[in-house]
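The values are calculated or read from the model by the stated rules, or taken from the named source; none is laboratory data. None of these values were measured; they are calculated from a predicted model. Counting neighbours? That spans all protein chains shown, and the Cβs are built from the backbone with ideal geometry, glycine included. These area figures cover heavy atoms from the full protein model, side chains too; ligands, DNA and RNA do not enter into them. Shrake-Rupley method; radii C 1.70, N 1.55, O 1.52, S 1.80 Å.
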Amino acid sequence: MEWFNRFFDEYVVNLGFDEGCRRATLGGRLLARLQDGRVQNYLRVIGVALTALVLFLIWGCRAS
């Protein structure tokens, strides 16, 4: 039974934890790139999001 516990710990628990840590690291790197302190980039993202929202609302109203 000891071998099963060791197998489960090494190949299920540890691999799952390692994968979760890797994804958290990648997410942190992505957020660090997005938050660079440049107001122009923030305004560009807001502008694109608002444009997409307006187009979605216009397209959605015509479909009804």
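Figures for the structure shown
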read-out: Any hit, the range 30-49, residues being at pLDDT below 85 and on the phi > 0 side of the Ramachandran plot; value: yes
read-out: Matching entry among GLY60, GLY47, GLY27, GLY16 (being out of contact with any Asp or Glu (no Cβ under 6 Å at 6 or more places or on another chain) and surrounded by fewer than 10 Cβ atoms within 10 Å (Cβ to Cβ)); value: GLY60
read-out: Subset of the range 30-44 [open to solvent by 80 Å² or more (accessible area, probe 1.4 Å) and among the hydrophobic types (A, V, I, L, M, F, W, C)]; value: LEU30, LEU31, LEU34, VAL39, LEU43
